[in-house]
1. Only counting other Cβ atoms within 10 Å, I'd like ILE29, ILE81 sorted with the fewest neighbours first.
2. With each pseudo-label sitting 7 Å past Cα toward Cβ, what's the ASN43-SER122 distance in nm, one decimal?
3. Work out the FRET efficiency for GLN36 and ILE149 from their Cβ-Cβ distance, taking R0 = 22 Å, and round it to the nearest 0.05.
Amino acid sequence: MAGPGTQWTGPLLSGPIKDPGDLRGPVNIGHAVLRQTATLTANGTNTVTFQFNLPSGSQIINFDVDTTLAWNSGTSDSLTIGLTPGGSDFLSAVNVQATGRANIGPIGSTVPFSATQLSAMSQVGTTPSNGVPVFATVTPAGTAATTGITFVTIIYVQTVQLLAGDA
């Protein structure tokens with residue numbers, strides 16, 4: 001059963017000129033920014049992973065990483081986000097041993113994106129399906145973390161999903 005709210009299966013476009021009635025085309029139509037949030041909680045195991053499912057072809061804009069209870073493993077606790085559990089296709093080595101929001105992405109940030117990560121974020125998956133799995137994983141080192149809570153939010157835009165043979 002679907003949850004509360006209104007659901008769309010395609011990209012949500014907004015703007016007052018939707019039909020290309022003149023040579024300008026849809027000059028001011030934009031895609032809506034969307035977000036999905038997960039909670040990663042230490043449970044005494046070596047890793048904690050959550051699987052998001054993004055519409056294929058989506059463009060990831062950024063991530064919010066908010067740690068409200070510091071992780072406490074013996075050596076380090078690193079958050080990664082990628083196409084596989086523990087993968088760093090989109091984000092690597094965010095320290096979650098302190099509370100607060102991680103400074104990710106912009107110039108001068110403590111966790112900058114690499115050119116490879118930015119390229120991967122520009123289009124996530126190419127095959128229309130029930131979604132492209134994207135994994136957020138906290139990996140403790142030294143000993144397993146017994147405390148820690150981090151909220152991970154993926155901020156993205158769903159783009160038009162082309163089928164094979166479409167132009």
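1. On the way: ILE29 14, ILE81 26.
Result, fewest neighbours first: ILE29, ILE81.
2. 3.8
3. Values: r = 17 Å, r/R0 = 0.79.
Calculated transfer efficiency: 0.80.
Read-outs: derived from the displayed coordinates by stated rules, not from any lab. Because the structure is a prediction, the values reported are computed rather than measured. As a convention, Cβ positions derive from the backbone with ideal geometry for all residues, glycine included, and neighbour counts pool all protein chains shown.
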